[in-house]
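Taken together, the values in this text are just the output of simple stated rules run on the coordinates, not laboratory data. Being a predicted model, the structure only gives us computed values, none of them experimental. No Cβ is skipped: glycine too gets one built from the backbone with ideal geometry, and neighbour counts run over all protein chains shown.
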Amino acid sequence: MMYMKKDIKILVQLALVILINSQCITIGAQKSMVLDLKQTIALANDSSLEAFRTKNMYLSSYWEYRSYRANRLPSLTLNLTQPSITVISPADTILTRT
């Protein structure tokens, strides 16, 4: 776990160095952006593995809570038995259906 935090910090620092040295981002046919240091740090933080992990942990906790709340709602259970029908035919035979 401790090594993962160091690796994440190294990746964020590397991304910052690359972004600061290039001073602009050009992706395909998109416009190029000029970023200052604060924007570069914000972009690196939003794009980091830690941000991705934190967002997924939040969503997981959110749906776990929603499931918990749904299970606490009142419910209605019906237990039914099939009716038994007795039919007397014209030939005086008794037919029973269940």
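Applying 0.36 nm per residue to the separation of residue 31 and residue 67 and subtracting their alpha-carbon distance, the gain on full extension is 8.6 nm. Taking packing as the residue-averaged number of other Cβ atoms within 10 angstrom, the listed peptides 40-52, 76-88, 58-70 run from highest to lowest as 40-52, 58-70, 76-88.
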